Each structure stands twice: as structure tokens, then as C-alpha cells.
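Below is one structure, written out as C-alpha cells; the observations come after it.
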Amino acid sequence: MKTWLLIAVLAVGTVLMKALGPVLAGGRQPPAPLTRVVALVAPALISALIVTGTFTQGQQLIIDARAVGVAVAAVALWFRVPAVFAMLIGVVVCAVLRFLA
Amino acid sequence: MRWTPEAWPEGLRASMPLGLPIAAVGVSFGLLAGPVLGAIPSIVMSAVVWSGTAQFAALTILASGGGTALAAGAGLLANTRFLPMGFAIAPSVRGGLVRRLLKGAVLADASFVIGHRGGGQFDISAIAWAAPVQYVTWVGGTIAGVAGATAIGDPGRWGLDVLFPIFYLSLLLPELFPVHIQAAGRRARRQADRRNLRPIIVALLAAAITLALTPVTPPGVPVVVAAAAALIGLRAPREPVTQRSAGDGA
């Protein structure tokens, strides 16, 4: 039940955020400070999600095979390897390390 | 109408190369979401939310032990970028209330780039025609992933749990280093941000907040608190020394 509620909230919320501009603004811009904050939410949030997915296990901070896989993928992305292949490389590195451990 | 690529609508043609990578990310979402949400909810989620960023964000919170409310909060925060994007295309969107709502609703990240015609002008029909390929491959990929998940079992055993952070990294790097990473098409849009170190500062601050809070708060809380790092945007940036491209007011 909670899962369906989550899905409904995300679906409605996403459509609202996408459509609010076209519905409300006839060429008008939102206040500049608001635009600046909203533009920075993405890097803040994404960075926090990367840290959570790489270094945490519940409430513990740990460095394990995931950190190595993500680091290798980061290097690949930096050299403009497409995201799909970077993901593949990260998965393989992580799986091999776990297999060896 | 000739059924050749040349006769296809511009947006449809431009969105074709996106099919494979989007399907691949859809498969990874299905693989990871299947065991957490269940098969049918995972597929329905992709069909009605249609946003990898929000769906992965919500799933990251749930998988790390956070509750539904925090997962919804993270998912919605992940999509707040659509607010400024919606306002950016607004001047180019014509028609009545319902038409404007529908045109806004089909907006997606890649479509925004495909439809940009420079100088704040957008080709709304290109944006709308870019949607079908992205939607079908996203939902189709999710179905394939969910089907694969039952065969694979625990994604952690195969290293699949690193798909989350790497997917996000692929979104974050172009955000932080637009000059180095981004393709020519996206460069024009970011031109105004070129001398801007703020995204990097904000990302480091958010990472530090997350690391500091993880041991002391319930799972999911650090991510939502870290998003508050974006509030440094309230301060007006210093004026750049040289102002070459005026009129691209973004």
C-alpha cells in the first residue's frame, strides 16, 4: 500500500513540476534567487546519493568493493566513456572483487 | 508520407540514439527495483513516474532502510530541476490550459536539449516527438529488468548495486564540469554557468553532510538534509569580469 502511495506521489509531483512553468508563465521568469537555488538542488542531491550508494551500509560508513567499482567507473566517465559502458565496467570490477574476497 | 528517417519528425529522429542507453538504465532499474518494490509496482512506477533520477533516488532511500516519506521526498527533490526547465520552455509553449499542461508533462532531460534552438527558444513539437522513444524504451527496459531480477536473485552478489552511484555519477560530472564532459549541443545551454564553481562547492558540501549525518540519523535523512546545501544559491553570485554573451538570460 505504501509502495502505491509512493508511486502516486512521485507521478503527480513530477508532472506538476514539469507543467507548472508552461501552465503559469506567459513568458515570465521566476525570481532569480529561486532559480539559482533550484539549479543547485540537482548537484547537491545527486552528490548525496552517490555517497550513500558508495560508502554506506545502513548507518555504517564503509569502504568496500563498491568504492573501487565506482572509482574505476568515474575514471571511465571522465574519459567520456558512455554511461552504459561505465556502469558495465563498474559492475564487473565490483563483482570480480567480491568473487576474490 | 514516406516512411524513411528523413520524413520522420525532427524530435523522433533526434531521440533514436537515446533508445539503447535508456533501455539499459531501465533494465538496471528493473533489476534493482524488482526485489525491493515487487514486479508489478516497479513496472507501473516506470510507466507513470517516467523519471530515472526520481525513481533511483526513491529506491536508494528504500534500499538503505529509509521510510516511504523520505523516499518520496528524495524522489521529488531529484526532479525539482524540472521547475526551471518548465519555466525555460514556457515562453515557447502556446495553446489553452490543457494543451500547455500536456506539453509540459512530456518534457524530459534529453528532450530539453533536443528541442533547444538557442537563445532561450524551444521547438515544442521536437520536444513532444522526442518523448515516444524515451518512454517506450524506459518502460520496456524496466519490464526486462524485472523479469531478469527473478532469475538473478540478490543484485549485490553480482556487483549490480554499484549501478546506482555510477548512474548518478554520469549525471553529476556533466553538471560539475560542463566544459570537459559535455557534448557540443549541451554546451550552449550551459554557457552562462561556465565560470561557476558553485555546483562543485555544493556537491562537496552535500557529500560532507551525508558522511557526517549517516552514523547519527535514520537512513534517508542525510540525503534530504544534504539537498539543503543548494541554499547557498540564495546569495547572488559575483558579477563575472567579462560579460560577452548578453541576452542569453538564463
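The values are calculated or read from the model by the stated rules, or taken from the named source; none is laboratory data. What you see is a predicted model; the values in this text were computed from it and never measured. Cβ sites come from the backbone with ideal geometry, for glycine too, and all protein chains shown count toward neighbours.
What the table below lists for this structure:
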{"item": "Of residues in the stretch A:41-94 being touching a Pro at 6+ places or on another chain (Cβ under 9 Å) and assigned to a loop (DSSP other than H, G, I, E, B), the one surrounded by the fewest Cβ atoms within 10 Å (Cβ to Cβ)", "result": "A:Gly58"}
{"item": "Condition met for A:Val38 (assigned to a helix (DSSP H, G or I), closer than 19 Å to B:Asn196 by Cβ and either at pLDDT below 90 or not assigned by TED's automatic domain parsing to the domain that holds A:Cys94 (or both))", "result": "yes"}
{"item": "Some residue of the stretch A:16-26 being under 18 Å from the mean Cα position of the chain (by Cα) and modelled with pLDDT under 80", "result": "no"}
{"item": "Meets criteria (more than 7 Å from every other protein chain (Cβ to nearest Cβ) and either in contact with a strand residue (DSSP E or B) (Cβ under 8 Å, 6 or more places away or on another chain) or assigned to a helix (DSSP H, G or I) (or both)) for B:Ala72", "result": "no"}
{"item": "Residue match in the stretch B:42-53 (condition: out of contact with any Asp or Glu (no Cβ under 7 Å at 6 or more places or on another chain), of a type in the set (Phe, Trp, Tyr) and part of a helix (DSSP H, G or I))", "result": "no"}
{"item": "Within the stretch B:24-52, considering residues that are crowded, with 18+ Cβ neighbours inside 10 Å, at the interface with chain A (Cβ under 9 Å from one of its Cβ atoms) and not hydroxyl-bearing (Ser, Thr, Tyr), the one nearest to the chain's Cα centre (by Cα)", "result": "B:Trp50"}
{"item": "Condition broken by B:Arg94, with the remaining ones in (1) modelled with pLDDT under 85; (2) out of contact with any strand residue (DSSP E or B) (no Cβ under 8 Å at 6 or more places or on another chain); (3) in a helix (DSSP H, G or I); (4) not β-branched (Val, Ile, Thr) satisfied", "result": "(3)"}
{"item": "Filtered residues of the stretch B:106-139 (kept if in a helix (DSSP H, G or I) and surrounded by fewer than 18 Cβ atoms within 10 Å (Cβ to Cβ))", "result": "B:Asp109, B:Val113, B:Ser125, B:Pro132, B:Tyr135, B:Val136"}
{"item": "Filter result (more than 7 Å from chain A (Cβ to nearest Cβ) and closer than 22 Å to A:Pro31 by Cβ) within the stretch B:202-231", "result": "B:Ala228"}
